[in-house]
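Working notes, beginning with the structure itself.
The values are calculated or read from the model by the stated rules, or taken from the named source; none is laboratory data. Since this is a predicted model, take the numbers as computed values, not measurements. Glycine also receives a Cβ, built like all others from the backbone with ideal geometry; neighbour counts cover every protein chain displayed. Each accessible area value is taken on the protein alone, full model and side chains, heavy atoms only, with ligands, DNA and RNA left out. Shrake-Rupley method; radii C 1.70, N 1.55, O 1.52, S 1.80 Å.
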Amino acid sequence: MKINDFFLPTKISEAYARLKKEGNSAWLMAGGTSTAFVKSTSPKTAIDLTRLPLRGITRKSDHFRIGACATVCDLMEYKAEGWVLDRVARRFVNQHVRNISTLGGNISRVFYWSDFPVALRALEGTLTMRTSKESKVKISEAFHNMLAHRGAFKDVILEYIDVPRLTKGMGFGYSKETRTSEGFSTATVAVFVKVDKGLISDVRIAAGSVFPFPMRFLKMEEALTGEKAEVGCIRKIDFKDLDRYALTPREGMTLDYCKHLLKVKISDGIAQAVAEATGGSR
Amino acid sequence: MNKKTISFTLNGESREFDIDPNERLLGLLRRNGFKGTKYGCLEGTCGACTVIMDGKAVDSCLVFAFQAHGRNVVTIEGLGDAGTPHEIQQALIEEGAVQCGYCTPGMVLSAKAMFDETPTPDDETIRLHMDGNLCRCTGYEKIWSAMKKVSAKHERGGKR
Ligand SMILES: Cc1cc2nc3c(=O)[nH]c(=O)nc-3n(C[C@H](O)[C@H](O)[C@H](O)COP(=O)(O)OP(=O)(O)OC[C@H]3O[C@@H](n4cnc5c(N)ncnc54)[C@H](O)[C@@H]3O)c2cc1C
Ligand code: FES
Ligand code: FES
């Protein structure tokens, strides 16, 4: 991709006005680490988002509000009860890329290997976006809309990401497989579990990398809902369900191996999430 | 080419540069004589091109030059020299952690960003901060020992 001009706004309104003015030649740029992976024939004007006041992480009563320009390193270093995105950040490439890649950039254009969209599909939450007016969208809805635009947001500036703060009875599991420690994912799974009176009352299981766009396993979620919150609940899942999905095994992987890997990762994720929700160690 | 001018602090000095909007910080630094910043993979995996930008180690092959506007950038030329090595460089020499030396500027800068933030890092912190730098020669053991040596020096209250 070729950048032939740039603009360094310090206000969101300025950035948005420029986005409108430039139209198709605008390129919103946060860390800029995705540009090597994007093919575009026409030159772009980069609109640098990193000088906007969108960097911090704030704790609210039942969620965390994350500025879209918070870096993956910010997410890794942030400490608070009920905060789980540090676990995802830790497994993200390497320190240099964590230092410039932003959460907003990671979810505004989704590649098969993108880590945070998988975690956010399991955690849910809401996105605040600047279009002609400010709008709030549920994460699941935003990702659904994104599919119509080849996995990228169109004509919006993502401002904030709100993710739930995990409280007693909730658990999160995350499992990512790579060939080398900083390599792209070959399978990523995230699981959110809520336990009420010893039973699983809510569960979301999401996977990425084995699909072009992260997916939820609704049948598996259904099988676990209402079950006793213990690791043995994994036996309730019929992993033959994976046959229904058009999996995209990564280079060098057979379809059987991909299914096996996914089965192991899903089991790991559920075990971690259930252990945390029931007060055990992850 | 649509030339533009940017300015940033480089090794403590305020500098202005004419740039091509499409050029990366690595290219800008090298064409201005800062050749301690090395070309490697050019895709963000080897760390040979590491610089410190606003206190954080980053790959200058990934950063567009314009992204540095208004920032504070440190290259290896901003640290010690052969006569007066920086304490991290000194520790690498003492531990025999340099062979071909191609990765060394990047290693030193990643370590500097880490020690500036955390003077006595634990093993996990060292692992995380140094995981973006590859070394083809040393097998990492001696680089690891050098990091532990600097940390131990800080623990004893040695000069930073
Ligand atoms: C060597 C290497 C390895 C990598 N490995 C992985 C990996 O294993 N897993 C992984 O998840 N990622 C990985 N990445 C990073 C990933 O590819 C993304 O590039 C990165 O997370 C994007 O963040 P960014 O801030 O750099 O975004 P940018 O590259 O600046 O932007 C990404 C996209 O989002 C848009 N955008 C950015 N911010 C906003 C906003 N606020 N509102 C609307 N649109 C916006 C941009 O227009 C662009 O389309 C890797 C990158 C490199 C260089
Ligand atoms: S040259 Fe920049 S990371 Fe390899
Ligand atoms: S000393 Fe040769 S690459 Fe590290």
Query raised in the report: Out of all the residues in region B:42-54, which are more than 9 Å from chain A (Cβ to nearest Cβ) and away from ligand 1 (no atom under 13 Å from the Cβ)?
Result: B:48, B:51, B:52, B:54
**Report entry** Meets criteria (in contact with a helix residue (DSSP H, G or I) (Cβ under 8 Å, 6 or more places away or on another chain), surrounded by fewer than 23 Cβ atoms within 10 Å (Cβ to Cβ) and assigned to a helix (DSSP H, G or I)) for residue B:36
**Finding:** no
Report task. Test each condition in (1) touching a strand residue (DSSP E or B) at 6+ places or on another chain (Cβ under 6 Å); (2) closer than 12 Å to residue B:109 by Cα; (3) facing chain A (nearest Cβ under 9 Å); (4) not small (Gly, Ala, Ser) for residue B:58 and report the one that comes out false. Result -> (1)
Requested in this report: Give the number of residues within region A:62-107 that are within 16 Å of ligand 2 (Cβ to nearest atom) and among the basic types (Lys, Arg).
Outcome: 1
Query raised in the report: Can you tell which of A:119, A:89, A:68 is free of Cβ contacts under 8 Å to residues at least 24 places away in the same chain, within 12 Å of ligand 1 (Cβ to nearest atom) and of a type outside the set (Val, Ile, Thr)?
Result: A:89
Report summary line: Counting only helices (runs of 4 or more DSSP H) wholly inside region B:69-160, the ones holding at least 2 residues that are within 13 Å of another protein chain (Cβ to nearest Cβ) and closer than 30 Å to residue A:9 by Cα are B:104-117
Requested in this report: Please specify each residue of region A:156-197 satisfying the condition of being in a loop (DSSP other than H, G, I, E, B) and touching a helix residue (DSSP H, G or I) at 6+ places or on another chain (Cβ under 9 Å).
Outcome: A:156, A:166, A:168, A:169, A:182
Query raised in the report: In region A:263-280, what residues are of a type in the set (Ser, Thr, Tyr) and open to solvent by 60 Å² or more (accessible area, probe 1.4 Å)?
Result: A:278
Requested in this report: With respect to residue A:127, determine if the residue is open to solvent by less than 40 Å² (accessible area, probe 1.4 Å) and out of contact with any helix residue (DSSP H, G or I) (no Cβ under 6 Å at 6 or more places or on another chain).
Outcome: no
